[in-house]
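The values are calculated or read from the model by the stated rules, or taken from the named source; none is laboratory data. Remember, it's a predicted structure, so these values are computed and weren't measured experimentally. Because the Cβ atoms are built from the backbone with ideal geometry, glycine has one as well, and the counts that use them run over all protein chains shown. Remember, those area values only see protein heavy atoms, side chains included, never the ligands or the DNA or RNA. Shrake-Rupley method; radii C 1.70, N 1.55, O 1.52, S 1.80 Å.
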Amino acid sequence: MTALRTLVHDSFSRTRTATIVVALLLTGLVPVVLELLGSHAEVLVIAGGLLVLLTAFLVLRGSRPVDAEHASEPAGSSRGGVELLLYLSPVIFLNIVFPLVSPRMAEATVGGVQLTHVVLASSITVPWLAQAACMPAYRAIGDLMAERDMQKITQRFCEVWPAMFLQTLPLAALFALPLWLATGWSWQAMGAYLLLLGAHVLFVQSLVLANVGERRGLWAVAWGAYALALAVVPTVWILPPLVAAATQIAAMGRQLSHVRVFERLDHRNFAADALRGLLLGSVLWADKFVLFLATDGTFQVIVVFMAMLPAVLAYNFYFVNMAPHVDRAVSGLHRAIEKETLPVLASRSTLLSYVVDRSVLRTGAVGMVLTLAAALLLGGLQPNHVLLAVTVAVASWTFMMLTLLSYELDYIGEKITAQALGAVHLVVSVLAFAVFSTNGAYALLLLADLVLVAGAWALYKRHWAQPEYTLFWRHATSW
């Protein structure tokens, strides 16, 4: 059985690796193909659209669980596809609403700055800030997550949330100061930016419970409310995050009374978690913030955001469709350490390594195929910016892969290593946009992150080769 499993795993790894390499090469050839097609660029749009549909079909079919306890589940189950669509609700809703309301927002100003610029600055800051804002919450409820008792988790979250929210607010200065220095915005515009950050911190922290409880419907309700408020009154910029947060606060029910406890998190632990979130989150989000600073928000917004969309989709695909298999396999290994014989333990350990490998490689393959599709679509729709589209798309794929590998290293206990990778990426991002144009900066980031991904992969393989030691026994033998 072990030999057969090894053969299947090796075949899967080769197939997914080949898919990544082929899709990467084809993506690089998109500008050449566009040049050959001349005025028939619509061919690329058709090819890209078909590739998106094919990828969506394969992803929404779901995947057969590879852990023994769930091996009997059907491969074509639609549950994973539905949950993925619900989890992608912010991407779906906001990409529909923003183009519709942008003209109305462009007519409004805040302190002499166009409202769309203020909202754009907030939109590229919040995903990065959210990593730091939410990380301390998971430490606070960490001891309760194994039991999955949402009543106790909600109670604990409510006890620490008010103080945690206040502790998080000063982090906004880390973004506001460089933004003000780079743009010279008026105090009214900067005030609006800070209020938007504060409202979004409230919102993203309110989503922690929906995320922990895997309540995808409640998650989608929040983003639906956000999009609806944005569509109805786009110039009332503070309303969408507050309305969306209200949907989550209402769902807390009677446990909300525990906010009166107002328990403050330890400052040292909070600072460590916030720094960890900032460094891990910088890999996927720092480039957009630095790009805004370098260009004063005048970059090709549509091209950049469309080009990064495949990486965001693949990132969410991992956490909805792949991460649950990893969590189950880790739990199975933990039970084997406590109760099973050594041969069973060895089998569980090998299985866990395979599950993690398959999750990372499958996510990488899905992301790279979607990257090819995005390059084709943008090549047809924005032919004048095809080089930018290809460079940003492939660079974003490397950001996504480095983020996943960093999370796997963080998961297995290599927290400093994971944060060091994020710190190197952040430094390279700042230097790249300080020295080069947008195209050149993303080209440099692409090359740098390919090196970082290779290094992270080597570290990941070393530490996940014996997960039973790295996850559990290392801590016991360190005494």
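Numbers at a glance
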read-out	value
FRET efficiency, residue 427 to residue 254 (Cβ-Cβ, R0 51 Å, nearest 0.05)	0.60
Accessible solvent surface per residue of the chain, calculated while the other protein chains remain in place, 1.4 angstrom probe, Å²	45
Segment residue 298-residue 58, extension gain: residue separation times 0.36 nm, minus the distance between their alpha carbons	82.7 nm
Residue-span extension gain [residue 195 to residue 39] - 0.36 nm each, minus C-alpha spacing	51.5 nm
Positive minus negative residues near residue 175 (Lys, Arg vs Asp, Glu; Cβ under 15 Å)	0
Per-residue SASA entry for residue 107, accessible area with 1.4 Å probe, Å² rounded to 10	150
Rounded D (µm²/s) - region 288-401, Kirkwood Rh over Cα pairs, Stokes-Einstein at 37 °C, 0.692 mPa s	203
CD proxy at 222 nm, helix term only [per DSSP H run n ≥ 4: -39500 (n - 2.57); per residue of the chain; nearest 500]	-26500 deg cm²/dmol
Carbon/sulfur fraction of accessible area - the chain, other protein chains in place, 1.4 Å, %	67
[x] 27.9; [y] 23.6; [z] 24.3, with the label sought being that of the calculated Kirkwood radius over Cα pairs in Å	[y]
Cα-based equivalent ellipsoid, region 390-429: semi-axes from gyration tensor eigenvalues, Å	21, 12, 4
Additional length obtainable on full extension of the chain from residue 188 to residue 165, 0.36 nm per residue less Cα span	6.0 nm
Distance (nanometres) between label positions extended 7 Å along Cα→Cβ at residue 107 and residue 435	4.6
Under-5 Å amide H pairs with residue 110, H placed in peptide plane, nonlocal only	115
Charge tally in the Cβ shell below 13 Å around residue 270, where Lys, Arg are +1 and Asp, Glu are -1, residue 270 excluded	+1
Share of Cα-Cα pairs in region 13-55 lying beyond 12 Å, as whole percent	68
